[in-house]
Amino acid sequence: MKRLLLLIIFIAQFTNAQDVTIRTNVGFAGYGNPFDGYYFSFDVGIPIVKGVSVAPTFTFATNYDYKRIDYSKSFPGLTSPSEETINSTNNRGGKMSGLFEVYCLINPLQFLKNRKFSRHEFAIGAGYGMSVYNHNYYQFDVIDNTNTISVLNKSGIRSSFSVKAFYNYYFRHYFVGINIGAIDFINGEGVSLLGIQFGIKL
């Protein structure tokens, strides 16, 4: 990862600063349902050659339940729930992850010399990097007439692979658009993204 960042910095030295793009997008993250979570993403697009750029990207996504769990009650039993319990509909909890990835983006409209497309930007690409994640699961039971909560927590750092596509419409140097994609599915647990995007070309 360090070598990749050094390579990006080296390439940036030969890039016209006026072509660098700063993008921010926010919207829904899907963990089974397209709208059961939310995400925020920020990236800097650095052109390499015409129509191709790299973009160091930070993304935060979560579907944590907004409801609070009341720990003021007594829960004497503490057990590790089974996989079947984790997947049951009685769970409350959620997932949260922060990703740092470097995307390679292709903008096919830049290969066209038609002025009608000067205000339009469309790009597709894939990114690779690392994900810092935390998963919490809560299961409520009644054992021997006693309220019991079982808790499972999984967290760590792992590699990640993501894809995305976006469309922007420009108002001079500023733009607004839409972003769709899927993050962190190198581990078979992909999260879909759908949001609005805005930013500026320097």
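The values are calculated or read from the model by the stated rules, or taken from the named source; none is laboratory data. What you see is a predicted model, and the numbers here were worked out from it, not measured in a lab. As a convention, Cβ positions derive from the backbone with ideal geometry for all residues, glycine included, and neighbour counts pool all protein chains shown.
Here are the numbers for the structure shown:
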{"read-out": "Counted residues, region 34-52 - those being buried (at least 19 other Cβ atoms within 10 Å of the Cβ) and over 15 Å from residue 197 (Cβ atoms)", "value": "3"}
{"read-out": "Residue under evaluation residue 118, criteria (1) among the polar types (S, T, N, Q); (2) surrounded by 16 or more Cβ atoms within 10 Å (Cβ to Cβ); (3) more than 21 Å from residue 190 (Cβ to Cβ); (4) modelled with pLDDT of 75 or more, criterion not met", "value": "(2)"}
{"read-out": "Any hit, region 179-187, residues being over 17 Å from residue 106 (Cα atoms), assigned to a loop (DSSP other than H, G, I, E, B) and within 17 Å of the chain's Cα centre (by Cα)", "value": "yes"}
{"read-out": "Complete set of residues in region 28-52 that are without any contact (Cβ under 8 Å) to a residue 60 or more places away in the chain, assigned to a strand (DSSP E or B) and not aliphatic (A, V, I, L, M)", "value": "38, 40, 42, 47"}
{"read-out": "Residue that is surrounded by the fewest Cβ atoms within 10 Å (Cβ to Cβ) [pool: residues in region 169-188 that are in contact (Cβ under 8 Å) with a residue 40 or more places away in the chain and under 19 Å from residue 28 (Cβ atoms)]", "value": "177"}
{"read-out": "Evaluation of residue 63 against (1) of a type in the set (S, T, N, Q); (2) modelled with pLDDT of 95 or more; (3) under 21 Å from residue 156 (Cβ atoms) (one fails), failing number", "value": "(2)"}
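Listed here are the residues, each with its yes/no results for (1) assigned to a loop (DSSP other than H, G, I, E, B); (2) aromatic (Phe, Trp, Tyr); (3) modelled with pLDDT of 95 or more.
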| position | (1), (2), (3) |
| --- | --- |
| 130 | no, no, no |
| 138 | no, yes, no |
| 147 | no, no, no |
| 160 | no, no, no |
| 163 | no, no, yes |
| 168 | no, no, yes |
